[in-house]
Each structure stands twice: as structure tokens, then as C-alpha cells.
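Trainee: First the structure, then my questions, so here it is.
Throughout, read-outs are computed from the coordinates displayed, never taken from laboratory work. Here the structure is a predicted model, which means the values were calculated and not measured. Ideal geometry is used to build each Cβ from the backbone, glycine not excepted, and the neighbour counts take in all protein chains shown.
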Amino acid sequence: MDKSKKILSTKVFWLGLLFFSTILFLIALATKIYSINLAVICLSAVIYKYGDSILFKDYNLKRKSKSYYAEMTQKKMKESLKAKSKIS
């Protein structure tokens, strides 16, 4: 199996599972059978733990990049302020 097809099939699997979880949650709300929500919570935890890196790979990379840039900017600002306070 080609690597791109494998990635696509895993993405489709996790998207399907996420969609199923959402539908199950809505059914639980509509029928007021709140015990179904326990299954939805467990399913959501599994999706978050194992499917997040597959479903939201690009988003996570962008978020980490922005976070790193913000940390570096903040660190440089603190160093600049310390240097200015030592001069004064």
C-alpha cells in the first residue's frame, strides 16, 4: 500500500470515528439517555490521544511554530529590558 493512501485511509478512519462520536453525542442529548455520553467521553479520549496527531497535524505544527516564536520574542524582550535596567 502506498504511503499517501495509508495516511489518507487513517485520516478517513479517524474522521469517521469523530463523526460517529458526534452523532452518538447528539443522539444521547435528543433521547435524554445520558449514559451514552460515557461511551462518547471514552471514544473522544481515544480520538484525542491517538487521532489528534493524524487529524490536525498541520494545525499542531503551526501552533507549535507560533508558540516557539512567541517564547523567543518574549525571552528577547526580557533580556532587552534587563540590559536597559542595568544601564540606567
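Trainee: Per DSSP H run of at least 4 residues, take -39500 (n - 2.57); add these up for the chain, divide by its residues and hand me the 222 nm value, nearest 500 deg cm²/dmol.
Mentor: Computed ellipticity for the chain at 222 nm equals -29000 deg cm²/dmol.
Trainee: So which aspartates and glutamates pass the test for Lys49, namely a Cα distance under 17 Å, with those fewer than 8 places away in the same chain ruled out?
Mentor: Lys49 reaches Asp58.
Trainee: If neighbour count is taken as other Cβ atoms inside 10 Å, put Ile87, Ile47, Ile7 in order from fewest to most.
Mentor: Details: Ile87 6, Ile47 18, Ile7 12.
Sorted ascending by nearby Cβ count, the order is Ile87, Ile7, Ile47.
Trainee: Under DSSP H, which helices of the chain have Cα atoms covering 27 Å or more of the helix axis and a Kyte-Doolittle average no less than -1.0? Don't jump to the answer; show the numbers that get you there.
Mentor: On the way: long enough: 3-31 (42 Å, 1.30); 57-87 (45 Å, -1.59).
Correct list, ordered by number: 3-31.
Trainee: Normalising by the residue count of the chain, find the relative contact order in percent from Cα pairs under 8 Å and 6+ residues apart.
Mentor: It comes to 26 percent, rounded to a whole number.
Trainee: A further question on this structure: Just how many % of Cα pairs in the range 1-55 lie over 13 Å apart, if you round to the nearest whole percent?
Mentor: Values: 899 of 1485 pairs.
Result: 61 percent of Cα pairs exceed 13 Å.
Trainee: Which residue, Ile54, Ile33, Ile23, tops the fluctuation ranking in a GNM of the chain built on C-alpha contacts under 10 Å?
Mentor: In this elastic network of the chain, the residue with the biggest mean-square fluctuation among Ile54, Ile33, Ile23 is Ile33.
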